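Please read the structure below before turning to the comments.
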C-alpha cells in the first residue's frame with residue numbers, strides 16, 4: 001500500500017472546524033443564522049472529503065510511490 | 001589415584017525453571033499499542049472505538065450512519081433504515097475490534113488484510129462520498145427531490161449484489177492464476 005500524500009479526513013476535519021468557527025462567530029455577531037445555513041450546506045463536507053480522497057489517490061498514483 | 005570428592009560447602013545449583021518461566025525469559029513482554037477489547041467496548045457509542053484506533057474517517061462514517069439511520073427511521077422511512085440501525089451498530093463494534101487487531105499486527109511486523117490495502121487504493125470510497133454529498137446538497141437546495149427517487153432505492157441492492165459477484169469472481173480468478181493464496 002502506498003503512503004498517503006496527505007490525510008484527507010484530517011484536512012476535512014480541520015476545514016470543517018474552521019468553517020464552523022467562522023459561521024458560529026458570524027452568528028454571534030448577528031450576521032447570519034447558523035442553523036439554517038448548517039442544515040442546508042452540511043453535505044458539502046462529504047463533497048470536500050470525497051474530492052480530497054480522490055485527489056490524494058491521484059497524487060499518489062502520479063508520483064508512483066511504493067510502499 | 002585420588003578421586004575428587006564433591007565440595008560439600010559449595011552452594012547447591014539452582015533448581016531448573018518451570019517451562020513457562022523459560023518461555024517468559026525467551027520472549028520479553030511486548031506491550032501492544034491497542035486493546036481490541038477496549039476498542040469494542042468504546043464502540044458501544046458508535047465511532048468512539050474507531051477514534052481510539054486513530055481511524056477518524058471510519059469514526060465519522062459510523063457515527064453519521066448510525067445517527068442518520070435513526071433520524072431517517074424517525075421521519076417515516078422505517079424501511080430500510082430501521083434494519084440498518086442494528087447492522088451499523090454491531091458492524092461498528094466488529095470493525096473497531098478488527099481495526100485494533102490490524103494495528104497490533106502491523107506493530108508486530110505482520111501483514112494486514114489485502115482487502116484493506118485494495119480498499120485504500122480504490123477511488124470508489126472517495127467517489128461514493130462525493131456523489132452522496134452532492135445528492136443531499138442538491139436536495140437541500142431544492143434542485144433535486146430525493147423523496148421522488150425513494151422508490152428506486154432497491155437498485156442500490158442490485159448494484160451492491162452485482163459488485164459482490166464481480167469481486168468474488170475476480171478473486172477466484174486471482175487465486176486460480178496464483179496471484180493470491182487461497183484463504184483458509
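The values are calculated or read from the model by the stated rules, or taken from the named source; none is laboratory data. Only a predicted model underlies this, so the values are computations on that prediction, with no experimental measurement involved. Note: ideal-geometry Cβ built from the backbone for every residue, glycine included; neighbour counts use all protein chains shown.
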Residue satisfying all of: in region A:13-44; at the interface with another protein chain (Cβ under 7 Å from one of its Cβ atoms) and crowded, with 16+ Cβ neighbours inside 10 Å; nearest to the chain's Cα centre (by Cα) among these: A:13
Residue, surrounded by the most Cβ atoms within 10 Å (Cβ to Cβ), within region B:84-116, restricted to residues that are over 12 Å from the mean Cα position of the chain (by Cα) and modelled with pLDDT under 85: B:114
Positions within region B:38-69 being closer than 14 Å to residue B:97 by Cβ and in a helix (DSSP H, G or I), in sequence order: B:38, B:39, B:40, B:41, B:42, B:48, B:49, B:50, B:52, B:53, B:58, B:62
Criterion violated by residue B:58 - all others in (1) in contact (Cβ under 8 Å) with a residue 40 or more places away in the chain; (2) away from every other protein chain (no Cβ under 14 Å); (3) under 13 Å from the mean Cα position of the chain (by Cα) satisfied: (2)
Residue check, residue B:152 exposed (fewer than 11 other Cβ atoms within 10 Å of the Cβ) and at pLDDT 85 or above: no
Within region A:53-66, considering residues that are surrounded by 15 or more Cβ atoms within 10 Å (Cβ to Cβ) and farther than 17 Å from residue B:64 by Cβ, the one nearest to the other protein chains (Cβ to nearest Cβ): A:54
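Yes or no, residue by residue, for (1) in contact with a helix residue (DSSP H, G or I) (Cβ under 6 Å, 6 or more places away or on another chain); (2) modelled with pLDDT under 80:
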position	(1), (2)
A:17	no, no
A:22	no, no
A:25	no, no
A:45	yes, no
A:66	no, yes
